[in-house]
1. Here are some residues: Thr209, Thr265, Thr286, Thr251. Which one is under 25 Å from the mean Cα position of the chain (by Cα), surrounded by fewer than 16 Cβ atoms within 10 Å (Cβ to Cβ) and of a type in the set (Ser, Thr, Tyr)?
2. Considering each of Lys59, Lys81 in turn, give the residue that is under 24 Å from Gly158 (Cα atoms), surrounded by fewer than 21 Cβ atoms within 10 Å (Cβ to Cβ) and charged (D, E, K, R).
3. Taking the range 215-268, which residues are hydroxyl-bearing (Ser, Thr, Tyr) and in a loop (DSSP other than H, G, I, E, B)?
4. Can you go through Ser196, Ser202, Ser208, Ser240 and tell me which one is touching a strand residue (DSSP E or B) at 6+ places or on another chain (Cβ under 7 Å), of a type in the set (S, T, N, Q) and under 30 Å from Ser126 (Cβ atoms)?
5. Any idea how many residues of the range 127-140 are surrounded by 15 or more Cβ atoms within 10 Å (Cβ to Cβ) and more than 16 Å from Glu166 (Cα to Cα)?
6. Which of the residues belonging to the range 161-181 are touching a helix residue (DSSP H, G or I) at 6+ places or on another chain (Cβ under 7 Å) and of a type in the set (Val, Ile, Thr)?
7. Return yes or no: is Gly145 in contact with a Pro (Cβ under 8 Å, 6 or more places away or on another chain), closer than 18 Å to Ser82 by Cα and not aliphatic (A, V, I, L, M)?
8. Residues being touching a Gly at 6+ places or on another chain (Cβ under 9 Å) and buried (at least 24 other Cβ atoms within 10 Å of the Cβ): count how many of those fall in the range 102-117.
Amino acid sequence: MGVWLRLLVFGGVSLRGCGGACVPLGGSRLLICRRQFSGAESETLKQRRSQIMSRGLPKQKPIEGVKQVIVVASGKGGVGKSTTAVNLALALAANELSKAVGLLDVDVYGPSIPKMMNLKGNPELSQSNLMRPLLNYGIACMSMGFLVEETAPLVWRGLMVMSAIEKLLRQVDWGQLDYLVVDMPPGTGDVQLSVSQNIPISGAVIVSTPQDIALMDAHRGAEMFRKVHVPVLGLVQNMSVFQCPKCKHKTHIFGADGARRLARTLDLDILGDIPLHLNIREASDTGQPIVFSQPESDESGEIQEPADPGGVMRRMKWQIQTNPALAEDTMKSHTYDGRGLRGL
């Protein structure tokens, strides 16, 4: 581990020991302790540090009835993360008709799923006082947007946000789901950390435009998931190119292949390359996602690419096969004693 330098400053107190020497420093004394640790001692210190760091962290507990959780994140807002999450959920359901798919929106301050999935209203409560997801296009959906007025701002501090996230994770009656796609908020803050530490996640999909500014935050997002031991399945390059509908000339408005370069840097796959297209934007704004409303269009094919057998599913199955603990966690189903909406 090399030589450790321990610098301890004590006002007016002279300490000696650890083979160090006291050095006067502006009325204080600076004690410098040097010690060479052996390999065994170094390993013991590492283990001790890990134990201290893990204190107080929540124990991961699967969401009842949910087999696999896929989070869709970005780092930078406005890169098409929610559009990608919605169409990914629809594409997963379309590719595997026997599978049940849900969509959870944990972007508390800016929920987009209600509008994109053309859903309104408040969720009903089950007999066990759990919220029932709203259903459209065959996808079970839950969002903070169902619990507040559409234009009402949520002026909440961190503790209230964490309470809301806990309820969205634990007090929803999903029934039996094969896949739950989670639309994360931008950034690498409390919500991302809370979700990652509370539930086992099969993999994360990072969405970014090719623009350098967006890629910086996408890089941070990928590294954050790696730090909390969430497998990163790959990157989706959104708004990669614009093709003029009249002359067919292609323009790389946000730069060319930036996400591909980042993927190489991070040793990740590019799961999809989605163009900037009017049809995708209009379909999202009208609550008719393009994968559902125009399944045979070129744009739908491109946005379905991440969900194809060669995309998210292949990467996720590979991660589970190479990580037995992850497979065991994601397949467990525990009962959670919910407490309804009190305190929200």
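1. Thr265
2. Lys59
3. Passing the criteria: only Ser240.
4. The conditions single out Ser202.
5. Within the range 127-140, residues that are surrounded by 15 or more Cβ atoms within 10 Å (Cβ to Cβ) and more than 16 Å from Glu166 (Cα to Cα) number 5.
6. Matches in the range 161-181: Val161, Ile165, Val181.
7. Yes, satisfied.
8. Residues flagged as touching a Gly at 6+ places or on another chain (Cβ under 9 Å) and buried (at least 24 other Cβ atoms within 10 Å of the Cβ) within the range 102-117 amount to 5.
A short reminder: the numbers here are calculations on the coordinates, not readings from a lab. Remember, it's a predicted structure, so these values are computed and weren't measured experimentally. Heads up, the Cβs are rebuilt from the backbone with ideal geometry, glycines too, and the neighbour counts pull from every protein chain shown.
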